[in-house]
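A.B. asks: Input: one structure, supplied below.
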Amino acid sequence: MAPNRAKNPPGASGTKRFAEALEKRYEFERLLTSIATRFINIDIARLDDGINEALRAIGEFAEVDAVFLLTINQDHEKYSSTYGWASGRHVTDRKRHQNMSLDRFPWFFEELERNNLVNIPRLSMYPPDALQTQEEMQHAGLRSLVAVPVRDQGRMDAVVGLASIDDRDEWPEDVIVLMRLMGEIFFNVIKRKQTNEALASSEARFRALVQHSSDMIGVLDGKGVIRFASPAVSAILGFANNEIVGRLAFDLVHPEDVQRLLGIFFGAIQKPGVVVNAEYRVRRKDGTYVYFESVGANHLDDPNVKGFVLNSRDVTARHAAEAALRETEKMRTVGQLAAGVAHNINNALTAILGYVQVLNRDAGNEEKVRDALKVIETTAKGAAATVRRIQTFARERAGVGSAAVDLNDLARDAIEMTRPTWDARPQERAIKLRLELCARPLLIVASASEIREVLINLVLNAAEAMPGGGVLMLATCADGANAWARVHDTGEGIPAEAREKIFEPFFTTKGESGMGLGLAISRSVAKRHGGDLFIENDGPGGVTFALKLPQEDASQSISSP
Ligand SMILES: Nc1ncnc2c1ncn2[C@@H]1O[C@H](COP(=O)(O)OP(=O)(O)OP(=O)(O)O)[C@@H](O)[C@H]1O
Ligand SMILES: [Mg+2]
């Protein structure tokens, strides 16, 4: 029923008509205000009811039989009758108008697009090219029709229309204004609803992702209380979800990590949008700890989140692997260190034993005894220095135990200390020594025992490279910034396949009799002293190793021996 209809009976007097018109005017204002205020703050959940209710009020005010709101899709190809109201005198079939092509009523939509208004007070007034529209109206039992477009940014997004089963003289201006206004209001709230729905569906998608993700997602409030934890969190920690949610996150953190995390957290919640990361231990239900690597983002200010979002990974396995690796590294270092000590002490013992033999042989020769004892003393002191270095870990720190020494002295020492191993050979395998030392002192700041060891290693290698005898040359010289020591032999040279590897620890071609440490240790000593050790010449004529060390006062040195 359309109750307003009764207010406007035919044949009323002029005055009465005027009073009625005025009353109508008030009613219009009231309607407009009530609808407008209702929609300003409408709860989206109640939107559909609200619109249908408003359509009814419009329909009753305008005394029509159908009110409809058509929305036009994004591609601007289809329309749907989204909302509608019908008086008791007419039954609408909205299913006929869902997701239909605009081409179905070309005149109707083109007219709206162009003229902004479709105004057909009487069935007889349809123009010839409005055939489809007219047929549709007749099919629905409707005769007069008025419709206005709702435009947004220049394009038509919706249509509001009224229709009546009676012919009319004309559609009042009021009604058209009302339709335009209502169209705007409805369309805005519909849009809001669509945005909300899109948001909700993306939220649902997000939720589904989170629920099934193996990544752990947690949301904390500004006090650090867990407000949300994805299933992966409970799975990894062994808690039920409700045992975690509502709890203070820091309660689950390892006591040693809490302080640091509190600092990061309370720092981060001061800064909206900030992203921080941390690695820490989290207690599982069984009391064991797992390592978490988390990225936290402060979304406390974001009305859609209102939380501090944590994205965490369980990195316990990585930590275990790293710890194991560190352990192996340590063992390797210890092993290398031990082997290095053994190597140096072995060299020292070889020298000492050699001189003990000299002492036994030449016990009566006071001068030889004194010389031998001197070498034994130096060698033993050198070995003792090696042990001390290990004890104090001075190896790690360059410069410790360093003093200004003459490289020439160290070269002489190295020759004397190794002499028993190469000088006592039978004539046919004899090694001839050529010592070509720089005429003036070559001062370097170094650990004397370490540099001596380097030279000993090089001399021993040279001697070992000439099992059939040859010439061993040890030369020193200076060039500007550096002091040089060169050890040359006339052996076979280094096999091509070994050349790349000879400086690696434990690489040896000498089987049981070599440890493969001499060059590795020597190079690291040289580097620690700011110098280097490398092969300068290698071939059938033999090998030359060059040891380069920075001179103490390069500016005062004169080049070459
Ligand atoms: N002068 C040289 N001539 C030829 N090959 C050499 C020479 N010096 C070193 N090499 C090669 O380099 C390898 C590594 O030498 P390195 O001094 O590091 O170990 P090593 O002499 O085998 O054993 P050790 O630890 O007892 O010194 C040797 O095994 C050898 O093959
Ligand atoms: Mg060696």
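A.B. asks: Answer yes or no: is there a residue in segment 98-114 that is modelled with pLDDT of 85 or more and hydroxyl-bearing (Ser, Thr, Tyr).
C.D. replies: yes
A.B. asks: Could you please give the count of residues in segment 30-68 that are outside any helix (DSSP H, G or I) and within 25 Å of Arg168 (Cβ to Cβ)?
C.D. replies: The first filter runs over segment 30-68 and keeps only residues outside any helix (DSSP H, G or I), leaving 41-43, 63-68.
Among the residues that remain, those that are also within 25 Å of Arg168 (Cβ to Cβ) are: 63-68.
Residues meeting the conditions: 6.
A.B. asks: May I pose another question? Looking only at segment 516-540, filter to residues that are more than 15 Å from Glu453 (Cα to Cα) and within 11 Å of ligand 1 (Cβ to nearest atom); which one of those is nearest to the chain's Cα centre (by Cα)?
C.D. replies: Ile535
A.B. asks: Tell me the residue from Ser524, Ser447 that is buried (at least 16 other Cβ atoms within 10 Å of the Cβ), free of Cβ contacts under 8 Å to residues at least 12 places away in the same chain and assigned by TED's automatic domain parsing to the domain that holds Ile345, please.
C.D. replies: On the way: Ser447 fails: free of Cβ contacts under 8 Å to residues at least 12 places away in the same chain.
Matching residue, one of Ser524, Ser447: Ser524.
A.B. asks: If Phe545 passes every condition in (1) aromatic (Phe, Trp, Tyr); (2) surrounded by fewer than 21 Cβ atoms within 10 Å (Cβ to Cβ); (3) within 9 Å of ligand 1 (Cβ to nearest atom) but one, which one does it miss?
C.D. replies: Looking at each condition in turn, Phe545 falls short on (2).
A.B. asks: Answer yes or no: is there a residue in segment 459-478 that is touching a residue at least 60 places away in the same chain (Cβ under 8 Å), within 12 Å of ligand 2 (Cβ to nearest atom) and in a loop (DSSP other than H, G, I, E, B).
C.D. replies: Yes, segment 459-478 has at least one match.
A.B. asks: Here's a follow-up. Looking for whichever is modelled with pLDDT of 85 or more and not in a strand (DSSP E or B) here; the options are Glu552, Glu512, Glu492. Which one fits? Can you show your working first?
C.D. replies: Working: Glu552 fails: modelled with pLDDT of 85 or more; Glu512 fails: modelled with pLDDT of 85 or more.
The unique qualifying residue is Glu492.
A.B. asks: Out of Glu135, Glu173, Glu197, Glu203, which single residue is under 30 Å from Glu293 (Cβ atoms) and surrounded by fewer than 17 Cβ atoms within 10 Å (Cβ to Cβ)?
C.D. replies: Details: Glu135 fails: under 30 Å from Glu293 (Cβ atoms); Glu173 fails: under 30 Å from Glu293 (Cβ atoms); Glu197 fails: under 30 Å from Glu293 (Cβ atoms).
On inspection, the qualifying residue turns out to be Glu203.
A.B. asks: Suppose we filter Val175, Val189, Val160 for residues that are within 30 Å of Thr33 (Cα to Cα), in the same structural domain as Glu63 (by TED's automatic domain parsing) and in a strand (DSSP E or B); which single one remains?
C.D. replies: Working: Val175 fails: in a strand (DSSP E or B); Val189 fails: in a strand (DSSP E or B).
Only one candidate passes the filter, namely Val160.
A.B. asks: In addition: Could you please find all residues in segment 279-309 being under 14 Å from Ala249 (Cα atoms) and within 14 Å of the chain's Cα centre (by Cα)?
C.D. replies: The answer is Ser294, Gly296.
A.B. asks: Now, a different point. Anything in segment 486-504 that is away from ligand 2 (no atom under 12 Å from the Cβ) and farther than 23 Å from Gly469 by Cβ? List them, or say none.
C.D. replies: Across segment 486-504, the qualifying residues are Ala496, Glu497, Arg499, Glu500, Lys501, Glu504.
A.B. asks: Let me ask you something else. Within the group Thr476, Thr509, which residue is over 28 Å from Glu552 (Cα atoms), β-branched (Val, Ile, Thr) and either out of contact with any Cys (no Cβ under 7 Å at 6 or more places or on another chain) or more than 6 Å from ligand 1 (Cβ to nearest atom) (or both)? Outline the logic, then answer.
C.D. replies: Numbers: Thr476 fails: over 28 Å from Glu552 (Cα atoms).
Of Thr476, Thr509, the one residue that is over 28 Å from Glu552 (Cα atoms), β-branched (Val, Ile, Thr) and either out of contact with any Cys (no Cβ under 7 Å at 6 or more places or on another chain) or more than 6 Å from ligand 1 (Cβ to nearest atom) (or both) is Thr509.
A.B. asks: Here's another thing I want to ask about it. Checking the structure you have, find out if any residue of segment 441-451 is within 11 Å of ligand 1 (Cβ to nearest atom) and within 54 Å of the chain's Cα centre (by Cα).
C.D. replies: No, segment 441-451 has no match at all.
A.B. asks: Anything in segment 69-90 that is over 30 Å from Tyr26 (Cα atoms) and not in a strand (DSSP E or B)? List them, or say none.
C.D. replies: Once the filter is applied, which keeps residues that are over 30 Å from Tyr26 (Cα atoms) and not in a strand (DSSP E or B), segment 69-90 yields Asn73, Gln74, Asp75, His76, Glu77.
A.B. asks: Right, next: Determine which member of the set Ala404, Ala414, Ala351 is among the hydrophobic types (A, V, I, L, M, F, W, C), at pLDDT 90 or above, in the same structural domain as Gly530 (by TED's automatic domain parsing) and within 16 Å of ligand 1 (Cβ to nearest atom). Steps first, please.
C.D. replies: Details: Ala404 fails: within 16 Å of ligand 1 (Cβ to nearest atom); Ala351 fails: at pLDDT 90 or above.
Of the residues listed, the single one that is among the hydrophobic types (A, V, I, L, M, F, W, C), at pLDDT 90 or above, in the same structural domain as Gly530 (by TED's automatic domain parsing) and within 16 Å of ligand 1 (Cβ to nearest atom) is Ala414.
A.B. asks: What number goes with the only condition from (1) touching a residue at least 24 places away in the same chain (Cβ under 8 Å); (2) surrounded by fewer than 22 Cβ atoms within 10 Å (Cβ to Cβ); (3) in a loop (DSSP other than H, G, I, E, B) that Cys438 does not pass?
C.D. replies: Checking Cys438 against (1) touching a residue at least 24 places away in the same chain (Cβ under 8 Å); (2) surrounded by fewer than 22 Cβ atoms within 10 Å (Cβ to Cβ); (3) in a loop (DSSP other than H, G, I, E, B), the one that fails is (2).
A.B. asks: Here's a follow-up. Specify which of the listed residues (Ala86, Ala57) is modelled with pLDDT of 90 or more and of a type in the set (Gly, Ala, Ser). Full working, then the answer.
C.D. replies: Values: Ala57 fails: modelled with pLDDT of 90 or more.
Selected residue: Ala86, the only one of Ala86, Ala57 that is modelled with pLDDT of 90 or more and of a type in the set (Gly, Ala, Ser).
Okay, residues lined up against (1) of a type outside the set (Phe, Trp, Tyr); (2) closer than 30 Å to Phe28 by Cβ; (3) in contact with a Ser or Thr (Cβ under 8 Å, 6 or more places away or on another chain):
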{"site": "Phe186", "(1), (2), (3)": "no, yes, no"}
{"site": "Ala198", "(1), (2), (3)": "yes, no, no"}
{"site": "Asp215", "(1), (2), (3)": "yes, no, yes"}
{"site": "Gln259", "(1), (2), (3)": "yes, no, no"}
{"site": "Gly273", "(1), (2), (3)": "yes, no, no"}
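A.B. asks: Which of the residues spanning segment 506-555 are within 16 Å of ligand 2 (Cβ to nearest atom) and either on the phi > 0 side of the Ramachandran plot or of a type in the set (Asp, Glu) (or both)?
C.D. replies: Residues satisfying the conditions are Phe506, Gly511, Glu512, Gly516, Asp538, Gly542.
A.B. asks: Another question about this same structure. Take Thr476 and decide whether it is assigned by TED's automatic domain parsing to the domain that holds Glu536, surrounded by 13 or more Cβ atoms within 10 Å (Cβ to Cβ) and under 48 Å from the mean Cα position of the chain (by Cα). Quick ask: steps written out before the conclusion?
C.D. replies: Values: assigned by TED's automatic domain parsing to the domain that holds Glu536: yes; surrounded by 13 or more Cβ atoms within 10 Å (Cβ to Cβ): yes; under 48 Å from the mean Cα position of the chain (by Cα): no.
So Thr476 does not fit the description; no.
A.B. asks: While we're on this one: Name the pairs whose Cβ atoms lie under 6 Å apart, with the first residue in segment 407-429 and under 27 Å from Ile444 (Cα atoms), the second of a type outside the set (A, V, I, L, M, F, W, C) and not in a helix (DSSP H, G or I), and 6 or more positions between them or separate chains?
C.D. replies: Leu407/Thr476; Asn408/Thr476; Ala411/Thr476
The values are calculated or read from the model by the stated rules, or taken from the named source; none is laboratory data. Just so we're clear, the structure is a prediction, and the values are computed from it rather than from any experiment. In this analysis, Cβ positions are derived from the backbone assuming ideal geometry, glycine residues included, and neighbour counts consider all displayed protein chains.
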